[in-house]
Structure formats: structure tokens, C-alpha cells
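Written out below as C-alpha cells is the structure these notes cover.
The values are calculated or read from the model by the stated rules, or taken from the named source; none is laboratory data. Worth saying up front: this structure is predicted, and the values here are computed from it rather than measured. Cβ coordinates were reconstructed from backbone atoms using ideal geometry, including for glycine residues, and neighbour counts include every protein chain displayed. The protein model used for the area step is the full one, side chains on, heavy atoms only, and it has no ligands, DNA or RNA in it. Shrake-Rupley method; radii C 1.70, N 1.55, O 1.52, S 1.80 Å.
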Amino acid sequence: MAFSIRRLYDCPIFLTCDQETQDFIAPLVTGIDFNTIINPLLLDGVNKDYADIKRHNNFHRVDCIALKMDCLGDAIAKYGSTMFLDTDIILLREIDNSGDHELALSPHRTYANKAENHRKYGVFNAGYLWARRGQVADVWRDIYRNRSEFFEQQGMIWLLEHFETKLFDKDHNIGFWRLPLRNFGGLPPAIDPSVVDWTSAVSLHAHMFTQCYTKADPGLKSVYNQYREFARELLPCDIKEFINIL
């Protein structure tokens with residue numbers, strides 16, 4: 001994520017992480033403002049503070065999710081309007097975010113079972129948003145703690161109660177959920193990428209590193225793996241080379 005930003009922008013990158021992450025990334029990507037507050041003691045305290053959050057699976061981290069709002073709020077306080085990206089986002093083109101809105105959100109645009117998936121997981125993706133005001137982080141944190149039914153994501157629709165909001169278009173934040181699954185001759189389901197115009201893609205939600213999803217169930221892990229391998233072929237050569245280094 002950081003490398004893909006730096007190849008397009010000469011802007012501050014505010015990264016909340018642990019010291020080990022800073023030690024690893026600092027020699028590889030220039031100009032990162034590291035906020036190395038994360039350590040086991042802090043995470044233990046956050047988990048206790050957020051003990052009432054329902055754990056819907058065994059790989060989403062309640063503690064790390066809570067720190068997303070802190071990261072967003074700290075970045076806005078320090079640098080002003082901020083684009084928040086999960087670290088499995090890869091930017092391919094610059095983001096056009098013109099307008100006088102206070103918030104920009106990315107609809108999932110799920111291919112299948114839209115109503116059910118929106119009800120269960122939310123209309124908007126929690127890994128891709130832009131905010132002009134620090135209050136967005138405060139409201140989002142309150143929604144996470146008190147209103148959202150799937151981690152921080154399902155309740156994001158309630159942000160529209162508070163902020164003038166723009167939607168990113170279909171070229172942004174393209175993840176596996178945009179693609180249908182096809183069955184071929186009794187084989188496991190395969191993703192079908194033909195429904196997306198990849199030539200205009202601005203960003204991919206690519207789930208590039210398998211170690212992040214070792215706790216996912218086999219079906220979901222298979223989808224992650226297929227999408228990751230497909231997405232890798234779309235990447236510019238310098239991003240591919242950087243991923244190979246990692």
C-alpha cells in the first residue's frame with residue numbers, strides 16, 4: 001500500500017503500526033510518518049475496552065479495528081483531510097476526490113446476493129474512505145461500539161446521518177466481492193473477472209499476503225488466493241518487483 005502511494009504521490013503517509021513494522025518498511029519506502037504506538041500491552045488494553053464487540057469470525061481483529069479510528073483522527077489532526085486505506089489496498093492511479101463534501105465512501109457493489117450481503121456486512125467497505133473532518137473518526141468509533149452489527153463496517157451507513165458524503169465510483173477499491181463465482185465440471189468455484197473493466201481500475205483491494213488470512217475458512221481462502229493471483233497480473237512491473245522483495 002505505502003509503495004503504491006509513493007509511486008503516485010509526494011504526500012505524507014501516516015502509518016500506525018508497531019516498531020517492527022517501522023524497522024522493516026522505513027528502508028523501503030521514503031517519507032512515512034510512523035506512529036509506533038502498537039504493542040502487546042496496548043492491544044491487550046484495547047481488547048478489554050472493546051470486550052463487548054461481537055467476534056463474528058476468528059481473523060478480524062477487534063483491537064486493530066479500533067485503532068483504525070485513532071489512526072484516521074490523528075492523521076486529520078496532523079495533516080488535514082485524509083484518505084484512509086487498509087494496508088491491503090494497492091493504488092494504480094491517482095484518486096480524483098474533487099468536491100466540497102466532508103466524507104467519501106466506497107460502496108461494496110457486491111455481485112451476488114446484494115441485499116443479504118449489504119444487510120450482513122454493510123453497504124460500504126471499511127478499508128477505503130476519505131474524510132475532511134476529525135469528527136468522522138469520533139462518529140465512526142461510536143458506531144463501531146454501539147450500532148454496527150458486523151465489526152466497524154456494517155454500521156457505516158449511519159455516517160450519512162452526520163456528514164455530506166460522496167461515493168467513490170466503480171473503478172475504486174475493486175475486491176473479490178465484485179466478481180461472480182462459477183462452477184466448472186465439479187471443480188471448486190472459480191472467480192470470473194470478466195464483469196469488471198480492469199483497464200480503468202484506480203485501486204485494488206488485493207489481499208496480497210496469504211499469512212493475513214490463515215484463519216479464514218477453506219472456501220474464503222480459495223477465493224482470496226484466486227483473486228490475489230489474478231490481481232498480481234494487473235500490477236505495474238515496479239509494484240510486482242516490490243512485492244517480490246517483500
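Of note:
- Residues within segment 223-246 that are in a helix (DSSP H, G or I), in contact (Cβ under 8 Å) with a residue 40 or more places away in the chain and surrounded by fewer than 17 Cβ atoms within 10 Å (Cβ to Cβ), tallied: 2
- For segment 163-222, the candidate set comprises residues that are aromatic (Phe, Trp, Tyr) and modelled with pLDDT under 75; within that set, the residue that is least open to solvent (accessible area, probe 1.4 Å) is Tyr213.
- Counted residues, segment 49-59 - those being surrounded by fewer than 17 Cβ atoms within 10 Å (Cβ to Cβ) and either among the β-branched types (Val, Ile, Thr) or closer than 15 Å to Tyr144 by Cα (or both): 7
- Of the candidates Arg55, Arg61, Arg147, the single residue that is without any contact (Cβ under 8 Å) to a residue 24 or more places away in the chain, of a type in the set (Lys, Arg) and touching a Gly at 6+ places or on another chain (Cβ under 7 Å) is Arg147.
- Within segment 59-92, tally of residues that are in a strand (DSSP E or B) and either modelled with pLDDT under 95 or not polar (S, T, N, Q) (or both): 6
The rows are residues; the columns are (1) within 26 Å of His60 (Cβ to Cβ); (2) of a type in the set (Phe, Trp, Tyr); (3) open to solvent by less than 70 Å² (accessible area, probe 1.4 Å).
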| residue | (1), (2), (3) |
| --- | --- |
| Thr16 | yes, no, yes |
| Phe34 | yes, yes, yes |
| Ile38 | yes, no, yes |
| Leu41 | yes, no, no |
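- Ile95 vs. criteria without any contact (Cβ under 8 Å) to a residue 60 or more places away in the chain and either assigned to a loop (DSSP other than H, G, I, E, B) or surrounded by 19 or more Cβ atoms within 10 Å (Cβ to Cβ) (or both): no
- Some residue of segment 123-136 being buried (at least 19 other Cβ atoms within 10 Å of the Cβ), of a type outside the set (A, V, I, L, M) and in a helix (DSSP H, G or I): no
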